[in-house]
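Student: Before anything else, here's the structure in question.
The values are calculated or read from the model by the stated rules, or taken from the named source; none is laboratory data. Remember, predicted model here, so these are calculated numbers, not experimental data. Cβ atoms come from the backbone with ideal geometry, glycine included; neighbour counts cover every protein chain shown. Accessible surface is based on the protein model in full, side chains and every heavy atom, while ligands, DNA and RNA are left aside. Shrake-Rupley method; radii C 1.70, N 1.55, O 1.52, S 1.80 Å.
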Amino acid sequence: MSDLRELLFFYADSGADEALEDEPVNRLAPKQPAPPQPAEPAVGDRDAPAPPRQAAPARTVPAAPRPPTGPVSAAVPDERQAERARELARSAGSLEDLRDLLADFDGCNLKFTAKNLAFSDGDPAAEVMLVGEAPGREEDIQGLPFVGRSGKLLDRMLAAIGLDRGKAYIANVIPWRPPGNRTPTPLETEICRPFIERQIELAAPKVLVTLGGPSTKALLRTQEGILRMRGNWRTHITASGVEIPTMPTLHPAYLLRNPAHKRLAWRDFLALKLKLRELKDDA
Ligand code: URA
């Protein structure tokens with residue numbers, strides 16, 4: 001019994017703390033044998049009954065795949081959802097509107113395993129917007145981005161340049177926690193990207209900070225690694241063509257695992273501080 005408890009704690013500590021189905025699935029169980037198929041008549045076996053003939057279709061027009069009519073389950077999303085997300089995100093006229101659209105959107109399977117939508121935190125009118133990858137366990141419980149261990153470090157990094165999270169706007173590329181904190185698939189990112197892009201466009205920050213590789217790749221449309229990208233000002237271009245100076249930096253979760261790299265993030269945050277001062281002086 002205590003072994004079982006230990007195993008459960010081990011799973012929870014590893015981030016596997018979600019049940020995806022009501023019933024457990026034994027994926028190691030031997031496969032069921034396939035149901036017997038009617039025997040094919042041997043060649044030349046004239047006495048064997050002929051197999052039932054399929055009526056030939058009148059025309060061979062391929063039918064469009066039928067979208068699911070019932071509620072979407074925790075299934076693999078498809079390309080059409082990315083297109084639908086683009087259309088929906090474009091139709092949002094305000095951040096509240098966008099949040100409501102996302103809350104109703106059923107095209108991303110991550111929604112069905114997450115407890116809450118973690119849309120944003122902080123001040124939507126802030127000059128700085130910070131965007132991470134996806135909520136973790138604590139963010140999922142509270143429905144807010146960056147409130148767990150990485151969030152605490154992010155708060156300290158902001159405080160070090162005289163900002164507190166209430167004076168910044170914080171969001172993630174993916175607003176739902178991937179089960180067990182797994183890496184979102186490229187298609188999940190593609191489906192969620194139009195929403196975060198619209199969120200940036202509607203919040204219209206003066207400066208954007210991408211936290212970590214996945215957010216940097218998604219918002220700067222690059223394949224370059226974060227260690228190459230960080231520390232230099234880049235440009236995020238919104239759908240309406242507004243250019244936003246963007247500083248890619250290391251993700252706080254990475255810094256927790258690699259504290260020696262905190263000095264690099266510190267440089268990036270100093271550059272952010274300088275940029276905000278310049279913007280103020282220019283205003
Ligand atoms: N990591 C992220 O990228 N986002 C969060 O909100 C929390 C951890």
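Student: Can you name the residue in region 167-192 that is part of a helix (DSSP H, G or I) and of a type in the set (D, E, K, R) and is also farthest from the chain's Cα centre (by Cα) among such residues?
Tutor: LYS167
Student: Any idea which residue in region 140-166 is most open to solvent (accessible area, probe 1.4 Å), counting only those that are within 23 Å of ALA85 (Cα to Cα) and near the ligand (Cβ under 10 Å from one of its atoms)?
Tutor: Checked region 140-166; the qualifying residue most open to solvent (accessible area, probe 1.4 Å) is LEU144.
Student: Return the residue satisfying two criteria in turn: it lies in region 121-138 and is open to solvent by less than 20 Å² (accessible area, probe 1.4 Å) and within 14 Å of the ligand (Cβ to nearest atom), and of such residues it is farthest from the chain's Cα centre (by Cα).
Tutor: If we take residues in region 121-138 being open to solvent by less than 20 Å² (accessible area, probe 1.4 Å) and within 14 Å of the ligand (Cβ to nearest atom), then MET129 is farthest from the chain's Cα centre (by Cα).
Student: Against the definition (open to solvent by less than 10 Å² (accessible area, probe 1.4 Å), part of a helix (DSSP H, G or I), more than 17 Å from LEU256 (Cα to Cα) and more than 9 Å from the ligand (Cβ to nearest atom)), how does LEU102 come out, yes or no?
Tutor: In short, yes.
Student: Here is a further query. Can you tell me which of (1) touching a Ser or Thr at 6+ places or on another chain (Cβ under 6 Å); (2) surrounded by 15 or more Cβ atoms within 10 Å (Cβ to Cβ) is the one GLU243 doesn't meet?
Tutor: (2)
Student: Still on this structure, I have one more. Among the residues of region 183-196, is there at least one that is surrounded by fewer than 20 Cβ atoms within 10 Å (Cβ to Cβ), without any contact (Cβ under 8 Å) to a residue 60 or more places away in the chain and farther than 16 Å from GLU79 by Cβ?
Tutor: The answer is yes, given that some residue of region 183-196 is surrounded by fewer than 20 Cβ atoms within 10 Å (Cβ to Cβ), without any contact (Cβ under 8 Å) to a residue 60 or more places away in the chain and farther than 16 Å from GLU79 by Cβ.
Student: Further question on the same structure: Checking ALA253 against (1) surrounded by 13 or more Cβ atoms within 10 Å (Cβ to Cβ); (2) more than 14 Å from the ligand (Cβ to nearest atom), only one condition comes out false. Which one?
Tutor: (2)
Student: Failed condition for LEU272, given (1) away from the ligand (no atom under 16 Å from the Cβ); (2) more than 24 Å from PRO186 (Cα to Cα); (3) open to solvent by 70 Å² or more (accessible area, probe 1.4 Å), with all others met?
Tutor: (3)
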